[in-house]
Amino acid sequence: MVRMSSTTSIRVSSRVGGFSYAIRNIVAEARKVEASGRRVRYLNIGDPIQAGFTTPPHLIAAVERAMRDGHNGYVPSAGIPEAREAVAADYTRRGMPVAADRVVLTSGTSEGIELALSALVDAGDEVLVPTPTYPLYTAVLAKIGARPAYYRTDPARDWLPDLDDVKRRMTPATRALVIIDPNNPTGAVYPESTRRALIDLAERAGIPILADEVYSDVAFAGPTPLLGSLAPDAAIISFSSLSKAYLAPGWRAGWLAVGRSERLDDALAAIRKMADGRLCSPGPMQYAVTAALNGDRSHQPEFAAALQARATVTTTRLNAIPGMRCVTPRAAFYAMPQVTLPPGRTDEDYVLGLLKATGILCVYGAGFGMPAEQGFFRIVFLVAPDVLNEIYDDMAAFTRTFLST
Ligand SMILES: Cc1ncc(COP(=O)(O)O)c(C=O)c1O
């Protein structure tokens, strides 16, 4: 007979303690507010489908066809050849020439990030990560036992990276430079001079750049150039997906492209070796990658225009709230306002207070690596402008009360 042991909980690993993803974690708070009978307006997650945008029909048709045609088995771990060709052709057309055998299809940008960090970084190493950052980078580093070396991006200069700070934070333990451009959570788009300076810093240090380009085609002034197009021989690994620019986040269809420099050959082999272990990313969705990159993109300018209208409502309304400022986003669907907090209060106090009083759910800046007392928080402005206006009415009223008590 198997004897049940004591009631002691099964132990979990210590790395879980360092793993944090505030964008999802904060939902637990929202559920409590919902349980109390109040409606919650979710401005925490960057999912355009949740806000009523729709996936282009030709992508759905491609996945449907793939499934009906019986493409429901495992596919090669690096992805189906036609999707890898389509990504390589798209990068090459955009000025970063890569061959299809340097492309790996991944479960979203997220898996690309995880594969690359796992392949490049050891426990105890450091990776340069912007603040504020997209939190997956720090979460994966915590899992690996490595450390983020935070470099500053500056709200007084449209959230551009502080190049001196990047330089200052490089040490012999630095293994990579993460660049998120266009940026989540700030909506910044970096000018060519900043991009060239960042490439120069990484090349001089002999470290690779991990270029998160998931919002390249969601910039309001039109697609931004790929970072690798400025320096095709630099050590750059680029990540993107169908999640944002092709409105299919739930499909988990993404890719990474490893720059043509021979210095990256070992990194490519390491990524491919690790990709073998998870068999493949979802197969039928890879057929949509081909359809997306080779097909009609007319939804993109429409999407960008809709987002720009929402960005304008957001910055106009937020900058009119006493005690609040917000830099104008130039891409994507995020804004990172700052509220001047009374002494002793934190960004989490503001965000949880706002949630409880109004049902509006945002994410506090500390979840993106910002100091909690600075009062930053992130808004996802995907919902329709009239809904945003109602939300900002409530936010203004709450902020007035919060700042006066
Ligand atoms: C900067 C950034 N990188 C990566 C991701 C993950 O995207 P995916 O759905 O492609 O995994 C996101 C999602 O919000 C993001 O904002």
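The values are calculated or read from the model by the stated rules, or taken from the named source; none is laboratory data. Please read these numbers as outputs of a predicted model, since none were measured by experiment. Using ideal geometry, Cβ is built from the backbone for each residue, glycine included, and neighbour counts are taken over all protein chains shown. Ligands, DNA and RNA are stripped out before the accessible areas are found, and what is left, the full protein with its side chains, is counted by its heavy atoms. Shrake-Rupley method; radii C 1.70, N 1.55, O 1.52, S 1.80 Å.
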Checklist entry - Could you list, in sequence order, the residues of segment 203-216 that are among the charged types (D, E, K, R), in contact (Cβ under 8 Å) with a residue 12 or more places away in the chain and surrounded by fewer than 22 Cβ atoms within 10 Å (Cβ to Cβ)? => result 203
Checklist entry - What is the number of the single condition among (1) open to solvent by 10 Å² or more (accessible area, probe 1.4 Å); (2) under 20 Å from residue 25 (Cβ atoms); (3) part of a helix (DSSP H, G or I); (4) not β-branched (Val, Ile, Thr) that residue 396 does not meet? => result (2)
Checklist entry - Given 228, 254, which one is open to solvent by less than 10 Å² (accessible area, probe 1.4 Å), more than 16 Å from the ligand (Cβ to nearest atom), at pLDDT 95 or above and closer than 19 Å to residue 182 by Cα? => result 228
Next on the checklist: Condition first: within 16 Å of the ligand (Cβ to nearest atom) and either of a type in the set (A, V, I, L, M) or assigned to a loop (DSSP other than H, G, I, E, B) (or both). Can you find one or more residues in segment 24-41 that meet it?
Outcome noted: yes
Checklist entry - If the Cβ limit is 8 Å and pairs must be 6+ apart or interchain, which residue in segment 167-194 that is over 28 Å from residue 145 (Cα atoms) pairs with which residue that is among the basic types (Lys, Arg) and not in a strand (DSSP E or B)? => result 187/330; 188/330; 189/330
Checklist entry - Does segment 325-341 contain any residue that is in a helix (DSSP H, G or I), open to solvent by 40 Å² or more (accessible area, probe 1.4 Å), over 19 Å from residue 53 (Cβ atoms) and of a type in the set (D, E, K, R)? => result no
Checklist outcome for this item: Filtering segment 98-111 down to residues that are away from the ligand (no atom under 16 Å from the Cβ) and either buried (at least 18 other Cβ atoms within 10 Å of the Cβ) or part of a helix (DSSP H, G or I) (or both) yields 98, 100, 101, 102
Checklist outcome for this item: Being open to solvent by 20 Å² or more (accessible area, probe 1.4 Å), over 20 Å from the mean Cα position of the chain (by Cα) and at pLDDT 95 or above narrows 164, 154 down to just 164
